[in-house]
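Structure first, commentary second.
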Amino acid sequence: MTLLDVAIIGGGASGTTTAFHLASKGKKVCILEKNNSSPERICGGGMSAAVQNWFPFELLPIVDEVIRNVEFSWCNTDKVVAELSGSSPFWIVKREKLDAFLLDQALFSGCDLLTTFEVVDLKKASNIWHITALDGRQIEARAVVIADGSESPWPKTFNLGPNQQKFASTFSGRIKRRGNLGNETARFEFGLVKNGFAWAFPLKNEVNIGMGTFLDNTTSIQVNEILQSFLPDLGLDPTEAIGHKKKLRIWSGHSKLNGEGILLVGDAASLCDPFLAEGLRPALMSGFEAAKNLIYWLDGEVSCLDSYTKTMQKKWGNSMAWGKRISQVFYRFPKVGYQLGVKRPTAPKRIAQILSGEMSYEDIAKRVIKRLLFQNSSSKS
Ligand SMILES: Cc1cc2nc3c(=O)[nH]c(=O)nc-3n(C[C@H](O)[C@H](O)[C@H](O)COP(=O)(O)OP(=O)(O)OC[C@H]3O[C@@H](n4cnc5c(N)ncnc54)[C@H](O)[C@@H]3O)c2cc1C
């Protein structure tokens with residue numbers, strides 16, 4: 001058995017991104033994927049164009065729709081529209097297309113792929129990781145990247161990630177026509193889903209429909225009831241939506257994302273935005289950063305991988321800490337949140353800027369704090 005530099009468990013967005021960057025720097029990498037090469041993906045496919053920063057090839061050819069307007073509503077009424085005028089628009093992709101494209105790029109760069117390889121055992125002995133599949137196949141590697149998504153058991157096994165994992169209950173489906181959703185327009189509906197929101201994202205000739213509830217791990221989402229109300233407003237028939245429910249692991253606090261020769265990326269690292277369920281950008285960002293840190297480590301330039309955790313905290317976690325606070329207040333009092341938050345003249349634009357990656361929750365929180373301090377000091381003087 002030849003020794004790999006890195007074994008990557010999971011061939012989704014985060015795993016393929018890590019694999020591409022490692023393989024393109026000549027590292028011996030293999031993706032271990034439990035499904036066949038094109039598994040079904042449960043995802044809305046909304047993604048900031050800022051993700052382009054992490055790839056040397058163009059992603060635009062696989063984008064179905066470039067969003068210029070974001071429409072918000074409360075129980076299908078009280079609508080507000082924000083224009084996305086910044087430099088990083090919001091893209092809608094078909095997840096199966098994005099993942100297949102990233103996988104092709106990784107394979108083209110020299111990465112290997114083992115499909116139907118469901119990892120059931122992961123151990124370290126004499127500084128080598130030993131990975132076993134359900135069918136008994138075994139792989140050995142100097143390092144391992146955990147990219148197997150929201151149900152990953154490995155963070156707990158190796159005492160990584162947040163102490164208390166948090167989950168959103170979600171549903172995602174696709175409808176094979178566009179209804180009356182405007183061109184280049186994404187819709188966010190905040191009044192119909194308890195402690196969460198519903199969305200409609202346009203594809204070329206289809207629409208991705210979804211919903212998520214964010215505060216309570218145990219709540220089962222009332223999909224049919226919500227579709228009955230949401231879809232007619234989009235000129236669509238509720239019976240047309242075929243989809244699936246899924247528990248999505250969301251960001252719940254700063255945590256250690258690396259051990260010795262082991263890194264967590266994407267949903268396995270609990271990176272998904274707890275307010276807007278944005279998980280693709282952190283999946284791609286963590287894949288890029290994980291590969292960068294692993295290359296230094298494999299080449300003996302650094303003795304540990306701690307800088308990966310630090311970088312992810314700085315570039316993503318600090319914003320998510322504010323996203324979590326905003327989510328907890330907004331989804332507990334959504335009607336007030338919608339009136340005072342979304343309907344503020346500048347708010348839709350700010351939310352749109354978060355989606356497009358132009359601003360972070362941290363930037364917005366700092367602005368609000370500065371404004372409050374300024375108001376306070378000018379009212380005292
Ligand atoms: C309903 C819904 C809608 C969403 N909409 C959006 C959106 O619009 N925009 C956005 O940015 N994010 C969205 N997200 C979040 C986004 O989908 C995730 O953050 C993203 O998929 C994370 O990618 P990943 O590679 O970490 O995990 P995944 O995409 O889950 O990939 C994990 C891979 O690991 C494999 N695997 C699992 N277990 C094993 C095992 N034991 N052995 C080997 N392989 C294994 C799986 O088969 C899979 O291929 C949504 C999520 C949900 C649930």
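The values are calculated or read from the model by the stated rules, or taken from the named source; none is laboratory data. Please read all numbers here as calculations on a predicted model, not as lab measurements. Cβ coordinates were reconstructed from backbone atoms using ideal geometry, including for glycine residues, and neighbour counts include every protein chain displayed. Heads up: the accessible areas ignore ligands, DNA and RNA and are worked out on the full protein's heavy atoms, side chains in. Shrake-Rupley method; radii C 1.70, N 1.55, O 1.52, S 1.80 Å.
Here's the yes/no breakdown for (1) among the β-branched types (Val, Ile, Thr); (2) open to solvent by 50 Å² or more (accessible area, probe 1.4 Å); (3) at pLDDT 90 or above:
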site	(1), (2), (3)
LEU298	no, no, yes
ASP306	no, yes, yes
LYS324	no, yes, yes
ARG332	no, yes, no
ALA347	no, no, no
LYS366	no, yes, no
SER377	no, yes, no
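Is region 31-48 home to any residue that is surrounded by 17 or more Cβ atoms within 10 Å (Cβ to Cβ) and more than 10 Å from the ligand (Cβ to nearest atom)? Taking every residue of region 31-48 in turn, none turns out to be surrounded by 17 or more Cβ atoms within 10 Å (Cβ to Cβ) and more than 10 Å from the ligand (Cβ to nearest atom). For region 184-205, a tally of residues being of a type outside the set (A, V, I, L, M), touching a residue at least 40 places away in the same chain (Cβ under 8 Å) and part of a loop (DSSP other than H, G, I, E, B) returns 5. Screening region 49-59 for residues that are part of a loop (DSSP other than H, G, I, E, B) and not acidic (Asp, Glu) and picking the one that is least open to solvent (accessible area, probe 1.4 Å) gives LEU59.
Yes or no: region 221-241 includes at least one residue that is touching a Phe, Trp or Tyr at 6+ places or on another chain (Cβ under 6 Å) and part of a loop (DSSP other than H, G, I, E, B).
Quick first cut of region 221-241, residues touching a Phe, Trp or Tyr at 6+ places or on another chain (Cβ under 6 Å) only: 221, 223.
In the following step, the residues that additionally are part of a loop (DSSP other than H, G, I, E, B) were identified as 221.
Checking region 221-241: at least one residue is touching a Phe, Trp or Tyr at 6+ places or on another chain (Cβ under 6 Å) and part of a loop (DSSP other than H, G, I, E, B).
Residues that are of a type in the set (Asp, Glu) and touching a helix residue (DSSP H, G or I) at 6+ places or on another chain (Cβ under 8 Å) were ranked within region 240-290; the one that is farthest from the ligand (Cβ to nearest atom) is GLU240.
Filtered by the rule that a residue be in a loop (DSSP other than H, G, I, E, B) and open to solvent by 20 Å² or more (accessible area, probe 1.4 Å), region 254-269 gives HIS254, SER255, LYS256, GLU260.
THR132 meets the conditions (1) touching a strand residue (DSSP E or B) at 6+ places or on another chain (Cβ under 6 Å); (2) within 11 Å of the ligand (Cβ to nearest atom); (3) open to solvent by 70 Å² or more (accessible area, probe 1.4 Å); (4) of a type outside the set (A, V, I, L, M, F, W, C) in every case but one. The failed one is (3). Evaluation of ALA143 against the conditions (1) modelled with pLDDT under 95; (2) assigned to a strand (DSSP E or B); (3) open to solvent by less than 50 Å² (accessible area, probe 1.4 Å); (4) not β-branched (Val, Ile, Thr) shows that the sole unmet condition is (1). Does at least one position in region 65-75 carry a residue that is open to solvent by 20 Å² or more (accessible area, probe 1.4 Å) and out of contact with any strand residue (DSSP E or B) (no Cβ under 7 Å at 6 or more places or on another chain)? Yes, that holds for at least one residue. Of the residues screened, ILE62 is not one that is open to solvent by less than 40 Å² (accessible area, probe 1.4 Å), at pLDDT 95 or above and touching a Cys at 6+ places or on another chain (Cβ under 9 Å). Checking each residue of region 152-164 against the condition of being part of a strand (DSSP E or B) and near the ligand (Cβ under 10 Å from one of its atoms) gives no match. Given the condition within 28 Å of GLY259 (Cα to Cα) and part of a loop (DSSP other than H, G, I, E, B), answer yes or no: does some residue in region 81-102 qualify? No; the residues of region 81-102 include none that is within 28 Å of GLY259 (Cα to Cα) and part of a loop (DSSP other than H, G, I, E, B).
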